[in-house]
Amino acid sequence: MITYAGSDRGYLDRSSARSPMPIPSPFHERTSKLCTSYRWKEWSGYAAVSSYDTTHEREYFAFRESAGLLDVTPLFKYEVHGPDAAALLSRMMVRDVSKLKIGRVGYSCWCDDYGKVIDDGTVTRLAEDYYRVTAADPTLHWLQAVGRGLRVTIEDSSARLAAVALQGPCSREILRAVSDADIDRLKFFGATRARLDGLDVWITRTGYTGDLGYEVWADNAGALRLWDALVDAGRPHGIEPAGLDALDVSRIEAGFILLGVDYFSAPKVILEARKSTPFELGLGWIVDFERPTFPSFIGRDALAAEAARLRRGTAASAGWALVGLEVAWEALEALYESFSLPPSLPATARRDGLPVYDDEGRQVGKVTSHTWSPILKKYIALTSVHASHAAPGTILQMEHTVEFERRKVPAKVVKTPFFDPERKKRP
Amino acid sequence: MNTHAGESRPAPAPARGPYDAVVVGAGHNGLVCAAYLAKAGRKVLVVERRRQVGGATTTEEIHPGFKFSCCSYVVSLLRPWIIRDLDLPRYGYEVLPLEETFTPFEDGSYLLRDSDPERTKRAIARFSPRDAEVYKQFGQKMAELGRLVKPMIDGLAPDPLARNPFELLRLARFARHVRGQGEEWLIGNVKMMTMSAVDFLSEWFECEQLIAPMSVSGIIGTFLGVRSPGTAYVLLHHYMGEIDGSYRAWGLPKGGTGAIAEAIAGAARALGVEIRLGAPVERLLMKHGRAAGVVLENGDEIAAKVVVSGVDPNRTFLRLVGEEHLEPEFAKQIKRFKMRGSSGKVNLALDALPEFACLPGAGPQLRGDITIAPSIEYLERAYDDAKYGAFSRRPFMDVVIPSLTDPTVAPPGKHTMSIFVQYAPYKLKEGAADWPRQREAFGDAVIDTLAQYMPNLPSRILHRQVLTPWDLEQVYGLTEGNIFHGELSLEQLAFLRPVPGWSRYRTPIGHLWMCASGTHPGGGIMGAPGALCARTMLHARAV
């Protein structure tokens, strides 16, 4: 038995024909006043701020030096309740969700029957039989399909729940000041229910910046109060509202992949070559083959076979690997110098794919996201390469255009994350 | 501190004598030099008088919970190749944006310039629509002119006095570089080198509200006025950040400038450099007219193959070496090298943010550079006071509130304010030693002046630190309180720095080298003198 708990989702309903497009988030009343640059973009149907000011630099540094406040409401959210909730999610995810304790969050991806990744997101265990799933793409149909015959209730809470990410070194002090949560004991990837300015919220120590940070989840009705409370408490700590441009730089530094940019959802692509397995995305560490439950997770057989090939070392020539690249700055500077120009890179993170070559000029991969990292003082890129070229230290040639001329610059394969501050996981 | 995946920090190898090199002074240049020497496998000891590294590149908690960049307060031109060679981001080097320049005027109007060209254009247009249009072109032109300087600050100074063939080759290359830039560019450069900041800017702009605050970058750290010839050249430094492209060399160091010194020290230690703090050097150990090590004030003798001085030329030769070891002509030249400090610092711990009367609130007007330079006449009058041996009653000030961008330097909601003040001549008419008596009056003049624009500032001050040129000399060892180890004026730059014929870090004393701001290319947290000195030493197999 599966119950779909539809709800009265009011004017914010993504599916309502009457709602304006893009949809204003429940924080819109605040964010729209602050966004003096008018730089918005569409995110899952919502209007989302790219950068509040004409450049995102301050917002980026808020994530790294004080605290940035980012509206993440457009994430897809699902509440999964019932005695079989764990069974459903364990079946769906490559991570064994049944091992997740109450008050913990797990990052995972989910695959099709052939072990190709559909999407990635988090699962939070809120109570014994109650989980919350976040996803980049709509996932209700998949949850329903996997849950057929199980005793679960699945609710699409995407339009009911508002969410903000509070990320940066000062985020802990802000939440300590404004909520009753035992924030100092909330571990990395922990979750807790809390009162925040009279609101009933969930706080998770998660985020997409790779820094110390939290996400706060509340009903839409309390969204503005939540925003105001965080901004007030954050003012002495230098809080800044931050947009997606700042997030994009941060997430590349953190080595986090993005659906539709660094990889593609298996059911949505035509070419087989565009699909990826978790191993090819650097997510092999999540895949848990040891399951007490039966049937095992979707895609298990294909992934087990791939894992076996990897162990034997025969898969190396065939598969892909997602790696970090660090561009050799001296070479880049010399390239610009040959045009009498200072080395200048785009101010924002870029998603235009760039070919990557080996020494003999054969293309061996593609850059999918790249950015100048202001904190590392390095030009970094997330890159899919043939597994044979994925060893750290390998030097590849990356395409780089100067003055309309396509050239190449050497870049070194490195492990991700590029930036991994100790404070991120510090108890 | 950042940790990067895939690499573990190399364990510092404790090196104990005998040393290949002993570096006197753990300022940023001394540390850079030591790190490069150690990187080349040399055993290096750095001895520092104070109990912390950094010299004038220092962060100090002068009031509980408030950390100040007591002396230098922004990072301008730390060379990107040094940052990379020493992997400084790994040791905590971070630079935060400092984009705005705010100038309040005496009539209650103000000018706010920032990184958004359109916004800046609109702000300038309130005073002069014509200047607003030209402003961007000016920046571009300055960046072009900066191209002359880039090879200069990243390499040895071309030396027309030298006669060896390599040197002639270098000069020829430099001449070609200059010729290749075209006539207009050359004329621009010659003008820059000879004109005053105000005259040069007046060729471009008509409104004083723009010329006055822009002209001050020509006088920072010099004993000259904005109308003094030769000050136009220093304007270039303001635009030099551009030459490094995306590297963005201009900004606010996280954790204060001391964090930069700590990062360099961290890198140096990881390379095996030994740093001894609280070890003041009494004099150089001389053997057969050559440097053979140092003698500490406690009597310890430390022998080394070479000694590298990270202190200013005056202190190096007249105190550490001693005039008796110098040729009279050289000693005369060193004495002629102009130190004459002209600036002071006032650091404030604030209970809350102050507000400008002309633009209340906590907006962008507070978070960048605040320049108190309301008019050319104001700046000239400030200089007049100094000429006759007094501090400026109404000084030029460059104010920064670092805690707005880097909240870690102050308790939540509280702030630090750094005020660079000019003019504060080292030689008061009552004598330099009168500074301790005039210190608080100087501090009062600063606060009074600022309070004209920020009326609520005095009521927000929790603690005040006043550093006069005298203090800079006593505490930080800067002779006559000169923040650049010798004025950055044309006759003291390039092959003339510090003394003609000795611009290559070498000294007339065998086995003694110089690596600090008193050598080419000069002061500011650039690191180039330290690195170029080490390179030259290694190339010459001096160590």
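Values quoted throughout were computed directly from the atomic coordinates according to the rules given, and no laboratory measurement underlies them. The shown structure was predicted, so the numbers you read here are calculated from the model rather than taken from an experiment. Glycine gets a Cβ as well: all are built from the backbone with ideal geometry, and neighbour counts include every protein chain shown.
Points worth noting:
- In chain B, the longest principal axis of the Cα atoms and the axis of helix B:129-153 are about 0 degrees apart.
- Taken about its Cα centre, region A:272-414 carries a charge dipole of roughly 380 debye when the Cβ of each Lys and Arg holds +1 and the Cβ of each Asp and Glu holds -1.
- Highest mobility in the GNM of chain A, judged by mean-square fluctuation with C-alpha springs under 10 Å and restricted to A:SER344, A:SER171, A:SER90, is found for A:SER344.
- The convex hull around the C-alpha trace of region A:257-297, projected and averaged over every direction, spans 3.7 square nanometres.
- Electrostatic tally near B:LEU320: other residues with Cβ closer than 9 Å to its Cβ, Lys and Arg +1, Asp and Glu -1, net +2.
- Total formal charge among the other residues, if their Cβ is under 10 angstrom from that of A:ALA136, Lys/Arg +1 and Asp/Glu -1: -3
- Centroid-to-centroid separation of region A:74-116 and region B:425-486 [C-alpha atoms, Å]: 64
- Vicinal HN-Hα couplings computed from phi for region B:439-445 (Karplus, 6.51 cos²θ - 1.76 cosθ + 1.60; Hz; Gly/Pro x): 4, 6, 5, 4, x, 5, 4
- Nearest-ten-degree value, helix B:28-39 long axis tilted from longest Cα axis of chain B: 40
- Overall Cα dimensions of region B:276-369, principal axis frame, Å, largest first: 67, 33, 19
- Whole-number D in µm² s⁻¹ for chain B, Kirkwood Cα-pair radius fed into Stokes-Einstein, 10 °C, 1.306 mPa s: 67
- The distance linking region A:28-51 with region B:82-134 is 25 Å (Cα centroid to Cα centroid, whole angstrom).
- Under Karplus coefficients 6.51, -1.76 and 1.60, residue-wise ³J(HN,Hα) of region A:332-339 in Hz, glycine/proline x: 5, 5, 5, 4, 5, 4, 5, 9
- Prolate/oblate/rounded call for region B:430-543, Cα gyration tensor, a/c under 1.5 rounded: prolate
- Between B:ASP444 and A:VAL269, the modelled labels are 7.5 nm apart [label points 7 Å from Cα along Cα→Cβ].
- Acute angle (nearest 10 degrees) that the helix B:376-387 long axis makes with the longest principal axis of chain B, alpha-carbon atoms: 40
- Taking a straight line from the alpha carbon of A:LYS268, these lysines sit under 28 Å away, with near neighbours fewer than eight places off in the same chain left out: A:LYS41, A:LYS77, A:LYS116, A:LYS366.
- Ranking of B:HIS415, B:HIS325 by count of other Cβ atoms within 10 Å, fewest first: B:HIS325, B:HIS415
- Cβ-based exposure ranking for A:THR134, B:THR57, in which fewest neighbours within 10 Å come first: A:THR134, B:THR57
- For region A:272-414, Kirkwood radius (reciprocal of mean inverse C-alpha pair distance, Å): 16.8
- With both labels modelled 7 Å from their Cα along Cα-to-Cβ, the B:GLN140 to A:ALA145 distance reads 5.5 nm.
- Three semi-axes of the equivalent ellipsoid, region A:155-223, Cα gyration tensor, whole Å, largest first: 19, 14, 10
- Per-residue ³J(HN,Hα) for region B:475-489, Karplus 6.51 cos²θ - 1.76 cosθ + 1.60, θ = phi - 60°, Hz, x for Gly and Pro: 7, 10, x, 8, 4, 6, x, 7, 6, 9, 6, x, 4, 8, 10
- Relative pair counts by distance (%), Cα atoms of chain A, 20 Å bins: 25, 57, 18, 0
- Only alpha carbons enter this Debye calculation for region B:50-156, each as an equal point scatterer, and the log10 of I(q)/I(0) it gives at q = 0.16 Å⁻¹ is -1.04.
- With N the number of residues in region A:79-203, Rg(Cα) / (2.2 N^0.38 Å) evaluates to 1.12.
- Under a Gaussian network description of chain A, with springs only between Cα atoms under 10 Å, the residue in A:VAL97, A:VAL146, A:VAL49 that fluctuates furthest is A:VAL146.
- Working note: Debye formula, equal point scatterers on the alpha-carbon atoms of the protein assembly as shown, no solvent; log10 I(q)/I(0) at q = 0.10 Å⁻¹ is -1.22.
- Simple label model, 7 Å out from Cα along Cβ direction - B:GLU282 to A:VAL402, nm: 5.6
- The P(r) of region B:371-482 has a tail past 21 Å containing 41 percent of all C-alpha pairs.
- Taking amide hydrogens as placed 1.01 Å from N in the peptide plane, the amide H of B:GLY293 sits under 5 Å from those of B:LEU285, B:ALA304, each at least 5 positions away in sequence or on another chain.
- Distant-in-sequence amide H partners of A:ILE118 (H built 1.01 Å from N, under 5 Å): A:TRP110, A:CYS111, A:ASP112, A:ALA266
- Over 19 Å between alpha carbons, listed pairs B:LYS387/B:LYS427; A:LYS424/B:LYS67; A:LYS378/A:LYS415; A:LYS187/A:LYS425: A:LYS424/B:LYS67
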